[in-house]
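Accompanying notes for the structure given below.
No value in this document is a laboratory result; all are computed from the given coordinates. Given the structure is predicted, the values throughout are model-derived calculations rather than measurements. Methodologically, a virtual Cβ is constructed for each residue, glycine included, from the backbone with ideal geometry; neighbour enumeration extends over all protein chains shown.
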Amino acid sequence: MGAEITTPSSCQRLPCRPNSGSNATATFLEPSSLAAHPQLGNKTPKPSREDEYIWGPSSNGRFSIKSATWLQYDHLHKYNQSKLIYKLWNLNVQPKIKIFGWLLLRGRLKTRDRLSKFGIINDNSCPLCNRDNETADHLFGYCDFTKEVWRLANINTSVDWEEGYLKVFEELFLLQPYNADLFAKTITLCWQVWKTRNNVIFITASANPMSVVMSVEVIMKSFDDFNTISRDSTASGFIIRDHDARPVIAATKYVGNSTTPVAEATALRDSLITAKDKGFTRLEVEGDSKLVINAVNGIVTPPWRLLKLIEDIRTIATSFSQISFKHIYREANFIADAIANLGHEAMSPLFWSDKVPSEASRALLFDVVNIGCPRGFFL
Ligand SMILES: [Zn+2]
């Protein structure tokens with residue numbers, strides 16, 4: 001038997017049904033009619049049984065120390081996982097590496113143990129060592145291949161990777177004094193291990209721990225180069241010299257508010273156009289932006305800000321019979337640096353034919369007399 005209660009129209013608490021309005025009604029059922037209710041089935045409270053407390057975390061409903069320990073660990077683990085994910089999103093790494101790291105920290109990467117659980121594959125073996133089953137803990141922790149990566153990259157080897165990568169991350173990045181660069185490097189290494197593992201599986205590439213470490217150094221350096229803040233005032237500068245190292249053209253111009261790599265790529269493009277106009281057919285190009293040189297050489301994918309400039313450079317490069325692009329350190333590129341510095345104050349582009357400006361002449365003299373220049377040297 002049902003009881004119908006009409007709610008007074010002044011009461012604002014009644015949510016109920018979409019058409020409730022001010023005259024809405026709510027229907028309550030008496031316990032005796034619950035069993036007959038089609039949506040509630042036949043389960044009814046047993047009046048003969050006393051109420052009792054039940055411990056949810058254990059399967060039999062009884063409290064145990066073991067289940068309490070697991071409960072505490074699970075809460076702590078989830079708390080630490082959240083803290084690591086928060087730190088991950090603030091790292092200075094590429095967005096795609098953050099997405100990868102997020103999947104890794106959430107345990108959502110499609111490792112072979114998970115795929116076999118879903119019945120997608122039968123082979124669980126780790127493609128990097130062929131010794132153990134591929135789990136995330138194995139792949140990013142105690143796989144022989146990955147352990148060698150940790151050793152070569154100088155990641156703290158005193159931690160016990162057998163405990164699983166999350167425990168190690170907790171120890172390295174939560175319990176010890178936080179080092180964001182180390183966290184960025186570790187996540188990028190994991191990403192490169194994952195890429196290497198995928199290449200072994202899908203294109204049967206060979207895996208080498210040293211190439212993983214070196215690739216990560218290039219990736220991180222390129223990203224740092226691109227984020228180098230020099231947005232207040234940038235100027236590009238270049239010098240073209242003949243095979244006897246005599247200056248043919250030197251030029252500089254103000255680029256404006258931009259990043260250093262954009263200024264470097266602008267200088268490179270302008271220098272190629274000038275060299276082409278001057279009738280050069282063979283060129284050796286040296287630049288001190290590793291990101292720009294690597295992007296032109298196809299070693300790294302250019303960031304979107306550089307994309308158009310890099311395309312221009314590659315297109316113009318095809319008009320030379322011989323051309324190469326080489327990275328040199330800034331200390332060895334001091335002539336172009338000295339010329340570029342003049343561009344900051346220039347209202348319009350500056351050109352010098354068959355000579356360099358007096359501000360760069362000392363640098364030119366030094367460069368002609370000395371072959372090469374040690375890192376850290378400045379005029
Ligand atoms: Zn392995």
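Listed by chain and number, the lysines placed with their C-alpha closer than 28 angstrom to that of LYS110 are LYS78, LYS83, LYS87, LYS96, LYS98, LYS147, LYS167, LYS185, LYS195; residues fewer than eight positions away on the same chain are left out.
Taking label positions 7 Å along the Cα-Cβ direction at both SER211 and ILE299, the computed distance is 1.5 nm, reported to one decimal.
Ordered by the count of other Cβ atoms within 10 Å of each Cβ, fewest first, TYR165, TYR53, TYR79, TYR254 give TYR53, TYR79, TYR254, TYR165. Applying 1/(1 + (r/R0)^6) with R0 = 22 Å to the Cβ-Cβ distance of LYS326 and ILE273 gives a FRET efficiency near 0.70. The calculated FRET efficiency for LYS110 paired with LEU152, based on their beta-carbon distance and R0 = 25 Å, is about 0.40. Straight-line reach from LYS276: taking Cα to Cα under 20 Å and skipping same-chain neighbours fewer than 8 places apart, the lysines in range are LYS253, LYS308, LYS326, LYS355.
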